[in-house]
Amino acid sequence: MNDFGILSILPPLLAIILALKTRQVYISLVVGIWLGWLIISDWNILQGSIATLEGFVDVFKSPGNTKTIMFSALVGALLLFIQYSGGVQGFILRMDKLLHKVEQNRKGKSRVMVELLAMATGLLLFIETSISSLTVGTLYRPVFDKLKIPREKLAYIADSSSAPSSILIPFNAWGAFIMGLLLTQGIEAPFKTMVSAMVFNFYPMLAIVMVFFIIVTRKDFGPMARAEKRTRETGKLLNDGARPLVSDEVTSYEMKEGIKPRAINMIVPLAVMIIMMLVSLAYTGWTLVEDASSFMNHLGKALGHGSGSSAVLYSVTTSILTAMLLYRVQGIMKIRKMIELILKGISELMPLALLMMLAFSISHVCNSLGTGEYVAGITESWLSPALLPAVIFILSSFIAFSTGTSWGTFAIMISIAIPMAELHGANLFLVVAATMGGGVFGDHCSPISDTTIISSMASASDHIDHVRTQLPYALVTGVATVVIYLIMGFVT
């Protein structure tokens, strides 16, 4: 690999700065990707431009990338299905009855309750961040709209409850990936090491506490406080000129006339999607388990070894098929209408699929430039054992922020952090935890993170508005985490 030095950080930084300044995420990503390939091609404009186009095509050479993009498109069909069938309206009526019982003379109680339910849902669906964010956004968006809660708040709750629970409860694809990385670094007991590190994984813990605090106290600050004021005073769920990742066709599709709204038409497809996520993880990881001592032990390891990208695709496909059967039995729609809704839903979600493709593409450019290796390499000579956990957290955060991927961050930083921890005699568990927590923190701050994108999509929020409103909360939590790691580094 060529050593591009400081040039390697220019493409992701340019893409992020342009996205935050211009609010044009697509153009910003394309410019960043083009700059990356221009650098790689030794500033040959023709070769750089051709390499950019080839890079977009190369995204689909990865089965995982292709499955994730397909999943993103198929979500549109599921969203239209549950609205046209009366499932969303039925769920709203059910929630209205529940909320009416608790909101008699205590103003705002129903709002707090719904937000806590949304948070709890995100935490419980720890098996996969995309499913968690998607379910929270899809399930609670109609109720949040009814209670006049800004879309930015829903996106924040969905985003900041999904990834933290997934990294703290390692029985998922993230856990399997991290264990594999630890194994390649000579760690003989990767599962034990990872579980032991969870105790020191402070960022996701504090992120969850922050969400709970904001919901219960209603002490919003920064852009989120302004979003709350806007909705409270004008009733607008989005800023003027906002561009939700999901169009009005998807989020406000009318239910079929003459049918009875039934919550089951929404709950069943979503429940099938969640259950199939577990089944698919077990199925895809079953043959990869070699040393299981019992069936339950085999099952647990299979869930950890399963393919997350395959699972989300299989689960949303099964959910759509289940919905088609459920609605056909009820006589709600015929096959021709189902196909029409599927095609319409996919077409409406094409902007999201394009955004996912661009996010994968810029990640590939960063890998080709050696962005992560450069950032980590310039710090190796001056680190001390006491500073190592805090610095590793900051580096992991920056890499995840720049590349938009926790997966790539873990792959880069664990291979650097473990040898550094052993060389300097630092606490191994602290260093592993700092790497994982930093990856999640960087993801929460990055406008090109796939989990951030999915949270915006599922909540029908303007993507840049979601990033801006979540950023102050993430930064406060991140700074607190750095302070804790500095203290722990000197104490241990």
Task: FRET E, pair Ser347, Ile27, Förster distance 25 Å, beta-carbon r, rounded to 0.05 - done: 0.70
Open item on the list: Let me cross-check Lys219: its accessible surface, 1.4 Å probe, with only protein heavy atoms counted, in Å² to the nearest 10?
Closed with: 130
Open item on the list: Give me the mean projected area, in nm² to one decimal, of the convex hull enclosing the Cα positions of the stretch 395-457.
Closed with: 3.8
Open item on the list: Probe radius 1.4 Å, ligands and nucleic acids ignored: give me the carbon and sulfur share of the accessible area of the chain as a rounded percent.
Closed with: 66
Task: Rounded FRET efficiency, nearest 0.05, which uses the C-beta distance separating Asp42 from Phe295 and R0 of 56 Å - done: 0.50
TODO: Can you check what the Kirkwood hydrodynamic radius comes to for the chain, Cα pairs only, in Å to one decimal?
DONE: 23.2
TODO: Please arrange Glu422, Glu340, Glu115 by accessible surface area, largest first, computed with a 1.4 Å probe and ligands excluded.
DONE: Glu422, Glu340, Glu115
- [ ] Work out, step by step, the length gained on full extension between Phe56 and Ile264: first 0.36 nm times the residue separation, then minus their alpha carbon distance; give nm to one decimal.
- [x] 70.9 nm
TODO: Have a look at the stretch 17-92 and give its Rg and Dmax from the Cα atoms, expressed in angstrom.
DONE: 18.7, 59
- [ ] Using a 1.4 angstrom probe on the protein heavy atoms only, line up Lys236, Lys67 by accessible area, largest first.
- [x] Lys236, Lys67
TODO: For Leu343, Leu278, Leu238, write out the residues from largest to smallest accessible area, computed with a 1.4 angstrom probe and no ligands counted.
DONE: Leu343, Leu278, Leu238
Task: Label-to-label distance, nm, for residues given as Val209 and Arg328 (7 Å Cα→Cβ offset) - done: 5.2
Task: Accessible area expressed per residue, the chain, with surrounding protein chains retained (probe 1.4 Å, Å²) - done: 41
- [ ] At 0.36 nm per residue, minus the direct Cα-Cα distance, what do Ile378 and Leu354 gain on full extension? Give it in nm, one decimal, please.
- [x] 5.2 nm
- [ ] Would you kindly calculate the mean projected area, averaged across all directions, of the convex hull enclosing the Cα atoms of the stretch 339-458, in square nanometres?
- [x] 8.1
- [ ] Distance check, please: which entries in Lys61/Lys153; Lys97/Lys344; Lys236/Lys256 exceed 28 angstrom between their Cα atoms?
- [x] Lys61/Lys153; Lys97/Lys344
- [ ] Report the FRET efficiency, 1/(1 + (r/R0)^6), for Glu422 and Ile487, where r is their Cβ-Cβ distance and R0 is 25 Å, rounded to 0.05.
- [x] 0.65
Task: Label-to-label distance, nm, for residues given as Val199 and Ile6 (7 Å Cα→Cβ offset) - done: 4.3
- [ ] Using label points projected 7 Å from each Cα along Cα→Cβ, tell me how many nm separate Trp286 and Val112, to one decimal.
- [x] 4.7
TODO: Indicate the gyration tensor shape class of the stretch 184-283 (rounded, prolate or oblate), computed on the Cα atoms with a ≥ b ≥ c the square roots of the eigenvalues: a/c under 1.5 is rounded; otherwise a/b larger than b/c is prolate and the rest oblate.
DONE: oblate
Task: Value of [θ]222 nm, deg cm²/dmol, for the chain, DSSP H segments ≥ 4, -39500 (n - 2.57) each, nearest 500 - done: -25000 deg cm²/dmol
Open item on the list: Using only the alpha-carbon atoms of the stretch 229-370 as identical scatterers, what base-10 log of I(q)/I(0) does the Debye formula give at q = 0.08, 0.15 Å⁻¹?
Closed with: -0.38, -1.04
Task: Solvent accessible area, Å² - Ser310, 1.4 Å probe, full protein context - done: 10
Open item on the list: Could you derive backbone 3J(HN,Hα) for the stretch 59-71 from the dihedral phi with the Karplus parameters 6.51, -1.76 and 1.60 (θ = phi - 60°), listing whole Hz in sequence and x where the residue is Gly or Pro?
Closed with: 3, 7, 6, 8, x, x, 4, 4, 5, 5, 5, 4, 4
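The values are calculated or read from the model by the stated rules, or taken from the named source; none is laboratory data. Remember, predicted model here, so these are calculated numbers, not experimental data. In this analysis, Cβ positions are derived from the backbone assuming ideal geometry, glycine residues included, and neighbour counts consider all displayed protein chains. The area values use the complete protein model at the heavy-atom level, side chains included, leaving out ligands, DNA and RNA. Shrake-Rupley method; radii C 1.70, N 1.55, O 1.52, S 1.80 Å.
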